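Q: The following block contains the structure, expressed as structure tokens.
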Amino acid sequence: MPIPESELIINRDGSVYHLNLLPDHISDTIITVGDPERVPLISQHFDSIETQIHKREFVTHVGYYKGKRLTVISTGMGTDNIDILINELDALVNIDFVTREARPLEERIALRIVRVGTSGALQADIPVGSHLVTEHAVGLDSLMQFYPLVETGLEVEVATGIQQSLDLSYRPYCVRGTDLLREQLGAGMIVGNTLTCPGFYGPQGRVLRLDLRQPDLISRFQNFRHQSAEGEFRLTNFEMETAGYYALGRMLGHEVVSLNAIVANRATGEFATNAEVAVNDLIMKTLDRI
Ligand code: R1P
Ligand code: URA
């Protein structure tokens, strides 16, 4: 059955609705960033840039790095944008835009998607300026209320434990990322478990003029532990997108990894004076490993 025009929206020039990209703009490996200004920070290292496109917060540069074709896309902030990003990227490679039919299962294309982002550390032993690769992502956002994500026993246990320790009315979701990509791109980085929050202030325990419903939210995040045969699980850092990537990547069959430059530490109260350096170093590591 063709997918109706209202569900898969294709612009007049044949590009997908929000990303504004054509199937030909998509390389096998895609680097994604939150901040649109981080896209040229990456493409400035390219041998050549063949295409630059933007719509809303989605800025895309396509080019070559040391002879390898790469697409770099910014997403803006939050898992609602990751829902758009991953569904539209998947449509670009796995749905025929003329017939509006999905590729047969045996012909599905798996993308490699590498998020290069910033994040706040929850634990005192994760220094600002360091790089952290996400093993498990826990989503406090509502995206997975709408998809049939299948979680392992351990993932459900962790998510249920976090629900109880935060006294939440809904169960968060927990997803372990793709091991191979994490080992390849995250070599030498701190391996962590990332909490994806539906906001930067209250949901990350920051108080400016509004009080929190749970004044001790940060220490609940910091003190959460889950023991299993695989060892002790703790939350290491938080940001606003990774769990959406890991969950949608699993369901659609794409390999995804989240690399994080730690710019703040909520245990020590520091913000990195060298945040730009940490982000630039992470960009160079990513480009050279990809
Ligand atoms: C908040 O400042 C933003 O920074 C982090 C968070 O996930 C959120 O998007 O990531 P990026 O630096 O990739 O945007
Ligand atoms: N991004 C976040 O979402 N939180 C932080 O503390 C730092 C970066």
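The values are calculated or read from the model by the stated rules, or taken from the named source; none is laboratory data. Bear in mind that the values here come from a model prediction, so they are computed numbers and not experimental data. When we count neighbours, we look across all protein chains shown, and the Cβ atoms used for this are built from the backbone with ideal geometry, even at glycine. Remember, those area values only see protein heavy atoms, side chains included, never the ligands or the DNA or RNA. Shrake-Rupley method; radii C 1.70, N 1.55, O 1.52, S 1.80 Å.
Q: Mind ranking 235-247, 115-127 by how tightly packed they are, going by the mean number of other C-beta atoms within 10 angstrom, highest first?
A: In decreasing order of mean packing, 235-247, 115-127 become 235-247, 115-127.
Q: Label residue 53 and residue 96 with points 7 Å out from Cα along Cα→Cβ: what is the distance between them in nm?
A: 2.1
Q: By its C-alpha gyration tensor, with a ≥ b ≥ c as the square roots of the eigenvalues, how is the range 117-290 shaped: rounded for a/c under 1.5, else prolate for a/b larger than b/c, else oblate?
A: In terms of gyration-tensor shape, oblate.
Q: Roughly how many whole Å is it from the C-alpha centroid of the range 1-71 to that of the range 202-232?
A: What the calculation gives is 36 Å, centre to centre.
Q: Just want to confirm a number: the relative contact order over the chain, from Cα pairs under 8 angstrom separated by 6+ residues, in percent.
A: 23
Q: Let me check against my output: what whole-number percent is the relative contact order of the range 190-275, with C-alpha pairs under 8 Å and at least 6 apart?
A: Relative contact order comes out at 30 percent.
Q: With all protein chains present, how much of the accessible area of the range 96-164 (probe radius 1.4 Å) comes from carbon and sulfur, to the nearest whole percent?
A: Carbon and sulfur: 56 percent of the exposed surface of the range 96-164.
Q: Would you check the accessible area of residue 284, probe 1.4 Å, heavy atoms only, in square angstrom rounded to 10?
A: Here the residue's solvent-accessible area equals roughly 60 Å².
Q: Given +1 on the Cβ of Lys and Arg, -1 on the Cβ of Asp and Glu, and no further charges, what dipole in debye does the chain carry about its Cα centre, rounded to the nearest 20?
A: 400
Q: Using mean Cβ contacts within 10 Å as the protection proxy, how do 85-95, 19-29, 129-139 order, highest first?
A: 129-139, 85-95, 19-29
Q: Next question, about the same structure. For the pair residue 208 and residue 171, what calculated FRET efficiency results from E = 1/(1 + (r/R0)^6), where r is the Cβ-Cβ distance and R0 = 41 Å, to the nearest 0.05?
A: Taking R0 as 41 Å, the efficiency between residue 171 and residue 208 is 0.90.
Q: Among 240, 257, 229, flag the residue with its Cα farthest along the positive direction of the charge dipole of the range 117-290, charges on Cβ as +1 for Lys/Arg and -1 for Asp/Glu.
A: 240
Q: For the ranges 199-209, 258-268, 34-44, what's the packing order if you count other beta-carbon atoms within 10 Å of each residue, average per peptide, and put the highest first?
A: Going by the mean number of other Cβ atoms within 10 Å, highest first, we get 258-268, 34-44, 199-209.
Q: Helix 153-166 against the longest principal axis of the chain: what's the angle in degrees, Cα atoms only, rounded to the nearest 10?
A: Result, in degrees: 50.
Q: Quick one: angle between helix 79-94 and the longest Cα principal axis of the chain, in degrees between 0 and 90, rounded to 10, please.
A: 30
Q: Quick one: accessible area per residue over the chain, 1.4 Å probe, rounded to a whole number of Å²?
A: For the chain, the per-residue accessible area is 46 Å².
Q: Another one. Below 8 Å between Cα atoms, with a sequence gap of 6+, how large is the relative contact order for the range 11-85 in percent?
A: RCO, the range 11-85: 33 percent.
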